[in-house]
Amino acid sequence: QVQLVESGGGLVQAGGSLRLSCAASGRTFSSATMGWFRQAPGKEREFVAVISWNGGSTIYADSVKGRFTISRDNAKNTVYLQMNNLKPEDTAVFYCAASARYYGSARGGYDYWGQGTQVTVSS
């Protein structure tokens, strides 16, 4: 069992930055793929980024490439999402997710989800 708790969301102006954190409990964190997803009002939850168990591989959605960076610290059981040059269209609830076996962008591949943290970008 893995429990995930996101933090770091908030209100920021366009062009600003935020760093989201996702703290995980459970001994399997260091072997789990970790992903970030987001859900804007009235829209489906969409993939943002994923990082492999050892941090050696990452994938980003086209909409965030070059602006967002996913990283992890297995010693701290934490995954991060550094978000730079934020845009109003980035406004959403951001969720982290964990998978024991899957590495990719499909929501269905993830076994555990956090409760989410709100990110609001004003223009």
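Can you name the condition, by its number, that ALA97 falls short on among (1) in contact with a Lys or Arg (Cβ under 7 Å, 6 or more places away or on another chain); (2) open to solvent by less than 50 Å² (accessible area, probe 1.4 Å); (3) not in a loop (DSSP other than H, G, I, E, B)?
Exception for ALA97: condition (1).
What is the one condition in (1) free of Cβ contacts under 8 Å to residues at least 12 places away in the same chain; (2) within 26 Å of ALA14 (Cβ to Cβ); (3) not aromatic (Phe, Trp, Tyr) that ALA75 does not satisfy?
Just one mismatch for ALA75, condition (2).
Could you count how many residues in region 107-123 are under 22 Å from GLN13 (Cβ atoms) and assigned to a loop (DSSP other than H, G, I, E, B)?
2
Just need a number here: residues in region 67-95 that are among the polar types (S, T, N, Q) and either in contact with a His (Cβ under 6 Å, 6 or more places away or on another chain) or under 23 Å from ARG27 (Cβ atoms) (or both).
Total satisfying the criteria: 4.
Would region 16-34 turn up any residue that is under 12 Å from VAL119 (Cβ atoms), in contact with a Ser or Thr (Cβ under 6 Å, 6 or more places away or on another chain), among the hydroxyl-bearing types (Ser, Thr, Tyr) and touching a residue at least 60 places away in the same chain (Cβ under 8 Å)?
No.
State all residues of region 40-74 that are over 13 Å from the mean Cα position of the chain (by Cα) and hydroxyl-bearing (Ser, Thr, Tyr); if no residue qualifies, say none.
Result: SER57, SER63.
Say we look at region 100-123 and pick out the residues that are touching a helix residue (DSSP H, G or I) at 6+ places or on another chain (Cβ under 8 Å) and over 15 Å from SER52 (Cα atoms); which of these is surrounded by the most Cβ atoms within 10 Å (Cβ to Cβ)?
Among residues in region 100-123 that are touching a helix residue (DSSP H, G or I) at 6+ places or on another chain (Cβ under 8 Å) and over 15 Å from SER52 (Cα atoms), the one surrounded by the most Cβ atoms within 10 Å (Cβ to Cβ) is VAL119.
Looking at region 82-91 only, could you name the residues that are of a type in the set (A, V, I, L, M) and either in a loop (DSSP other than H, G, I, E, B) or surrounded by fewer than 22 Cβ atoms within 10 Å (Cβ to Cβ) (or both)?
LEU86, the sole residue that qualifies.
The values are calculated or read from the model by the stated rules, or taken from the named source; none is laboratory data. Predicted model only: the values in this text are computed from it and were never measured. For neighbour counting, all protein chains shown are included, and Cβ atoms are generated from backbone atoms with ideal geometry for every residue, glycine included. Surface accessibility is based on the protein's heavy atoms, side chains included, excluding ligands, DNA and RNA. Shrake-Rupley method; radii C 1.70, N 1.55, O 1.52, S 1.80 Å.
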